[in-house]
Amino acid sequence: MTEAHRSRATWLVTAAAVLAVGALAFGIGRFTAFGASAAPQHPATDSADAGFARDMQVHHAQAVEMAMEIYAKTSDDELRALSYDIATAQSAQRGEMYGWLVTWGLPQAGGPLMGWMGSGSSHEHGEDAASEADLRAQMGMATDAELAELRADTGTAADCLFLALMVRHHEGAIPMAEAVIDEGSDARVRAVATSMVQTQSAEIDAMTGMQQRLACG
């Protein structure tokens with residue numbers, strides 16, 4: 001092979017190598033760009049979605065506690081069935097909310113209760129509600145004294161106290177669910193919140209009917 005032929009062969013090999021590297025780089029770039037655009041965008045830690053998931057886990061935990069308390073001792077079949085439904089449904093939702101935060105890579109706690117309910121929103125709870133006790137009251141949650149009374153009561157007194165506490169509890173949850181429907185960005189969060197509004201509104205109606213039937217004062 002002549003020197004000219006060797007030079008030409010070397011040039012062809014070099015050119016082929018350069019083209020191969022260029023094609024590889026192009027392919028990697030396209031793949032990276034595609035991967036970046038296809039990556040899911042998760043809610044931020046200060047988002048309405050994350051705040052709702054955290055606060056509603058706290059809220060649901062107390063609902064489950066109260067529901068299991070009355071389920072264990074009521075003799076009213078309708079109330080027993082309702083308390084079972086509340087306990088199982090809210091336990092499942094609480095687990096799902098925990099899973100959202102894990103998937104999003106966010107802590108399970110953070111920020112004041114309802115601090116995610118944005119300024120200017122009709123759902124905002126203002127800066128005057130500084131104490132946690134006040135915020136829990138706005139959420140419709142029972143106090144420690146009320147929970148102790150529920151544990152101590154029996155019969156119709158326990159049934160009526162449970163109904164009063166759970167109606168208030170649901171009435172505190174619905175505005176929170178409505179707020180994340182308005183302010184959230186995650187489709188699943190908004191779907192669960194919509195279902196909560198519907199279910200808990202129906203349960204309030206059912207519990208109000210039970211209060212009338214039991215002649216709760």
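Somewhere in region 19-38, is a residue closer than 30 Å to Ala109 by Cβ, at pLDDT 50 or above and open to solvent by less than 80 Å² (accessible area, probe 1.4 Å)?
No: region 19-38 contains no residue that is closer than 30 Å to Ala109 by Cβ, at pLDDT 50 or above and open to solvent by less than 80 Å² (accessible area, probe 1.4 Å).
Of all the residues that make up region 50-102, how many are in contact (Cβ under 8 Å) with a residue 40 or more places away in the chain, open to solvent by 20 Å² or more (accessible area, probe 1.4 Å) and either in contact with a His (Cβ under 7 Å, 6 or more places away or on another chain) or within 22 Å of Arg190 (Cβ to Cβ) (or both)?
7
Quick check: anything in region 137-145 surrounded by 12 or more Cβ atoms within 10 Å (Cβ to Cβ), under 17 Å from Met207 (Cβ atoms) and free of Cβ contacts under 8 Å to residues at least 24 places away in the same chain?
no
Do you know which residues across region 179-192 are outside any loop (DSSP other than H, G, I, E, B) and either touching a Lys or Arg at 6+ places or on another chain (Cβ under 7 Å) or buried (at least 23 other Cβ atoms within 10 Å of the Cβ) (or both)?
Ala179, Val180, Ile181, Val189
Considering only region 173-217, state which residues are of a type in the set (Asp, Glu) and under 21 Å from Asp46 (Cα atoms).
Within region 173-217, Glu178, Asp182, Glu183, Asp186 meet the criteria.
The values are calculated or read from the model by the stated rules, or taken from the named source; none is laboratory data. Quantities reported herein were computed from a predicted structural model and do not represent experimental measurements. A quick note on method: Cβ atoms are made from the backbone with ideal geometry, for glycine too, and the neighbour counts reach across all protein chains shown. Accessible surface areas use protein heavy atoms only, side chains included; no ligands, DNA or RNA. Shrake-Rupley method; radii C 1.70, N 1.55, O 1.52, S 1.80 Å.
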